[in-house]
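Nothing in this text is a laboratory measurement; each read-out follows from the coordinates by a stated rule. No experiment lies behind these values; they were computed from the predicted model shown. In this analysis, Cβ positions are derived from the backbone assuming ideal geometry, glycine residues included, and neighbour counts consider all displayed protein chains.
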Amino acid sequence: MPPDIFVLHDGVGLFAKRLEYSFVGGEPRYRIVSDNQRYTPYELTEEQINIIGRVRWFSREI
């Protein structure tokens, strides 16, 4: 099962991405992953990101 989707703010704007939590060198890091394969995953520290909330449900037109 993929990680949950969260609404995040990175100082520039809001976006919804999958969020993976890990430790790198003893420091907590967040790996930001998009469902769109054109966007490369990247990592941010706790200071670089603000988690607004978890997406519980979404709908889209087919």
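Stretched out straight at 0.36 nm per residue, the stretch from R54 to V12 would grow longer than its current Cα-Cα span by 13.2 nm.
For the chain, a crude dipole built from +1 on the beta carbon of Lys and Arg and -1 on the beta carbon of Asp and Glu, taken about the Cα centre, is about 260 debye to the nearest 20. Kirkwood analysis of the Cα pair distances in the chain returns a hydrodynamic radius of 12.5 Å.
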